[in-house]
Every structure is written in C-alpha cells, then in structure tokens.
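All remarks here apply to the structure that follows.
The values are calculated or read from the model by the stated rules, or taken from the named source; none is laboratory data. Given the structure is predicted, the values throughout are model-derived calculations rather than measurements. Glycine gets a Cβ as well: all are built from the backbone with ideal geometry, and neighbour counts include every protein chain shown. For the accessible areas, the whole protein counts, side chains as well, though only heavy atoms, and no ligand, DNA or RNA atoms are used. Shrake-Rupley method; radii C 1.70, N 1.55, O 1.52, S 1.80 Å.
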Amino acid sequence: MIVLDNIALRHGTRIILSGLSGRFDAGSQTALIGANGSGKTTLLRAIAGLHPLAAGRIDWDGFHRRDIALLAQGSHLDRSFPITCRDVVALAATRLGPFRSIGKDKLAATRSALRRVGLGDMEDRPIQALSAGQFQRVLFARTIVQDARLILLDEPFTAVDADTTHLLLSVIQDWHMQGRTVIAVLHDMELVREHFPHTLLLTNQAGHWDAMPEPGLRAA
Amino acid sequence: MLDFLLEPFALGFMRRALAGCLALSVSAPPLGVFLVLRRMSLMSDVLQHGVLPGIAVGAIAAGLSVWAMGLGGVAAGLAVAVVAGWLARRTGGREDSQLAGMYLLALAAGVALISTQHSLDLTHILFGNVLAVDDAALFGMAGVASVTLPVLALIWRPLVLESLDPGFMAATAGRGGLWHLLFLVLVVLCVVSGFVALGTLMSVGLMMLPAIAARHWSDSLAGQVRVSVLLACLSSVGGLILSYNLDIPAGPAIVLFAGGLWVASLLAGPRGSLWRQAIPEA
C-alpha cells in the first residue's frame, strides 16, 4: 500500500500539486489522468522516489526501491544504441549487480519475458531495427523481468498501434492477477474506462481520497 | 616500399613512440565509443583544452617532469568535467554551452600560463613530439592502458545501462553519477597520458575518430569497440610511418591517418555509410 500524506510537488519554481492525500491499495490497478501540466508524470516519479517532495510525505509501507518498477516514456531513449533486445531486458534482471554474471535463470526469465510480449524470435535483433511498438514491447519485457510489486507506467501506449496496445494491456492484466499494484498515466479515456477499475483525476487543486474499495473515478 | 614501411622503426625513438601509441590505441578508442554513444563527443574537446592549464601549472611547479605535468593535467581535466556538469545542472542551461564556455576559458588560461615559461613549447604540448617520449612517458601510456581496460571491463554493465537509459538506472540501481565520474576519470587519464607523444589536441583524435568510424562497421557495442581498437592501431602504425617519411609531426600524422580511415568508413563502410544508403536494400 502506498499512502500519500498531504504532499506538494514542485516543478522548477512552480508548485504543480499541493495538499494531495490518499492511498493506493496493494494489488490495485489505477489510471492517473489529468490535463497536460497537471503533474501526472511528476507524481509518478515522486511515488518512485525520484522526485523530491516540496511538502508532506509518502509512506511506501514496506516497499523498497527494488520492489518498484518505473516505465518512463521511452521516446527519449536513443534507439540507435548498439544493443540487442535480449541485452536490454537482461540488464534489468532482478537484483542484478554490476559485477554478477547473468546466469541461466536470468536468461531464461529474459527469453520468457520477450516471448510474453511477442518478441520471442527477435531476441538477437538490435533495437535500432525495431518499430516504435516493438521497442515499447521490449520495455514491457524489461519491466516484467524486474519482478516488481509496484509498477508505474508513464503513458505506456503512446505511439503504439491497436494490436500492441491490446497485447500490452493483457500484460498489465497479468500483473493485476498476480497481485501487483499498477499505476499508469493515461490519456485515452475509452481505454481507461474499459481496463482500469480505479481512476485518479489530477485537477491542480488540493484533494483527498480514501481507500478505493469500489471501482470508480476519484478527483484530487 | 619495404624501406618506406620498416625504416622508421629501425630507430629507437620511433619504436618507443610506436609502443606508446599502440598502448593508447588499445585504451582510448573504447572510451571514445562510449563518448559517442552518450552523445558526449563535445566533452572530449573540452577535456583536451581543459587539461592544458593543469599541465602548465605542473610544469611551473616542478619543471619539465612528465609526472608533475600529468598530475596537473588530470586534476584540471577532472575539475573542468565536474564543474561543467555541475554548472549545467545548477543553471538549468544546456550543458554544451557551459562546456564551450569552460573550454575556451581553459584554453586561454593554459596558453597564457605556458607563455610565461620560456622552457615550455606550446606547440609540443598541443601537438606532441615523438622525440620526447622517454621512459616516464612510455610507462605513463602503458600504465594508463593497464588501468583503463580492467576498470572499463568492471564498470561495463552499469556504464552500458547508464548510457542507454540513465532514468532507468536512477530508478533501479542508483549510483549513475558514480559510474559517470569513474568513466570521466578514465577519459581524462587517457587524454593526459597521450600528450607527450601526440599532444593534448591530437591524443583525443586517436580516441574519437576510430570510435566514430567504428559505427559504420558493426551493430554491436562489443563489435564497435573491437573495430575502433583495430582502426586506432592501424592509425598509429600508419601515422608514424607517414610522420617519418614525410617529415611531419607524429600527432597530426596519426590523426590524419585516423581521419582518412573515418572518411573511408563513412563512404564505404557496411553500416549506414553513404554507399549503403545510396543502394536500395535487396
């Protein structure tokens, strides 16, 4: 469970979120929506522990950094980097230290994750040869091998076609069934309505939401 | 023809220069490959100018000792790299403009300091002098190569991860800054170790040109590293032969040779070259 206690977030000198309290229950699947500049990405990064709080606190309630996977928007990544799909995924294998070798079990997990996202036959392919959708699948495979309890997704379906969106949604569904907590920043309201039981709307105003026993939309 | 190729290396100082340049050819290009991948090619420019005031201060403090000048160069190079990165973060400005400001300042300070010392020859410091490769300089180049390669092997995986996706590195393992700093230390060591033979300006050429050319020969990181080392070794041998026979300084000769290999790779390499782009794929 993640508990936000009266938090405020700053972007540069501007306060973009303040007085926000609430909680994300363990195993919940929540869509984070709001207008551009409403602080969705910043809130996601703050929950990951990557953005400092201007006020308030976040209680991770037993989550450690290694329990959290953040899939940031992939568009800023250099797709000309000379690396194969397998290596991108294997480098993120759970608790893989800088000096430890990538063992057979990690390689098996890597292959299985790539198969899950439909890229089983492309593990040796350099990422520069992939389409935007295929690259997003690789990033999902990387998130799978992280084996995290809390999964944070920032606009995971941007520049992705309908088939790939459908496949990636099924991966998110797997995570939900496995009891992992998923929070995703999304823009497509139809997709939110169909696939996300809980929705949090950021409105630039102070707000509070309680636990989410019933699916539905909460404004904060 | 055989005389043209072998005669230069009948001389002791040329063999010495060759050994030093080959050591640099093994250690510097892999770092250049990472500089290119991290879009930090400008950083090599900054460092080649940034080490200059340190070398000058080392010479002023301890005379023409390679070690004193080397230590001064390493300290100045690291200071420039760290301060430029810090300034870019603090001011929210673009790092490249901060880097440009830093290296112009460093170059001016270095030239001013060197000009106060009549025993120092600015041309030799900037462009090198193979006659000056003594035991200390040779041990310096070989020593830096012996340190650089094992350290690079040890930090390879986090460095790849941090180069590909620094945000992911920060979110999972952290310590991205540590790997970045270690990498910069290796780059500075290589730039400084080559300055006696090649000069501060030219030693960066042996780091960057083979690395840029290697992108046209391989799709894999390890492949690019191997090709870059091979091209740098070829440049060292070829450049020294040209230098001896055409009576031009070794630093520019080696960099010209490396530049020729880069142009050839750009025109006709198997990956992304102009030739490959001109013919449609089957």
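Structural remarks
- When residues in segment A:102-121 are screened for being touching a residue at least 24 places away in the same chain (Cβ under 8 Å) and over 21 Å from A:LEU169 (Cα atoms), 1 of them pass.
- Any chance B:SER115 is surrounded by fewer than 20 Cβ atoms within 10 Å (Cβ to Cβ) and at pLDDT below 85: no
- Residue list for segment B:177-191, filter: open to solvent by 10 Å² or more (accessible area, probe 1.4 Å) and either more than 18 Å from B:LEU42 (Cβ to Cβ) or more than 14 Å from chain A (Cβ to nearest Cβ) (or both): B:GLY177, B:LEU178, B:TRP179, B:LEU181, B:LEU182, B:VAL185, B:LEU189
- Every condition in (1) away from every other protein chain (no Cβ under 14 Å); (2) open to solvent by 10 Å² or more (accessible area, probe 1.4 Å); (3) of a type in the set (S, T, N, Q) is met by B:SER163 except one, and the failing one is (1).
- Candidates are the residues of segment B:206-222 that are in a helix (DSSP H, G or I) and open to solvent by 10 Å² or more (accessible area, probe 1.4 Å); the one that is nearest to the other protein chains (Cβ to nearest Cβ) is B:LEU221.
- Exclusive hit being within 13 Å of A:LEU167 (Cβ to Cβ) and either small (Gly, Ala, Ser) or within 13 Å of chain B (Cβ to nearest Cβ) (or both), set A:ALA132, A:ALA141: A:ALA141
- Take the conditions (1) modelled with pLDDT under 90; (2) part of a strand (DSSP E or B); (3) more than 14 Å from chain B (Cβ to nearest Cβ); (4) open to solvent by 50 Å² or more (accessible area, probe 1.4 Å); A:ALA26 misses just one of them, which is (2).
- A:LEU70 falls short on exactly one of the conditions (1) at pLDDT below 90; (2) crowded, with 17+ Cβ neighbours inside 10 Å; (3) more than 30 Å from B:TRP217 (Cα to Cα); (4) at the interface with another protein chain (Cβ under 9 Å from one of its Cβ atoms), and that condition is (1).
- Residue check for B:LEU78: open to solvent by 40 Å² or more (accessible area, probe 1.4 Å), closer than 17 Å to B:GLY194 by Cβ and out of contact with any His (no Cβ under 7 Å at 6 or more places or on another chain): yes
- Restricted to segment B:268-280, and to residues there that are open to solvent by 90 Å² or more (accessible area, probe 1.4 Å) and closer than 25 Å to B:MET207 by Cβ, the residue that is modelled with the lowest pLDDT is B:ARG271.
- Residue in segment A:48-56 that is outside the structural domain of A:VAL182 (by TED's automatic domain parsing), at pLDDT below 90, open to solvent by less than 60 Å² (accessible area, probe 1.4 Å) and not basic (Lys, Arg) present: no
- Verdict on A:ASP161 being open to solvent by 40 Å² or more (accessible area, probe 1.4 Å), touching a residue at least 12 places away in the same chain (Cβ under 8 Å) and either in contact with a Ser or Thr (Cβ under 7 Å, 6 or more places away or on another chain) or on the phi > 0 side of the Ramachandran plot (or both): no
- Output for segment B:119-147, where each listed residue is closer than 11 Å to B:PHE195 by Cα, open to solvent by less than 20 Å² (accessible area, probe 1.4 Å) and among the small types (Gly, Ala, Ser): B:GLY128, B:ALA137, B:GLY140
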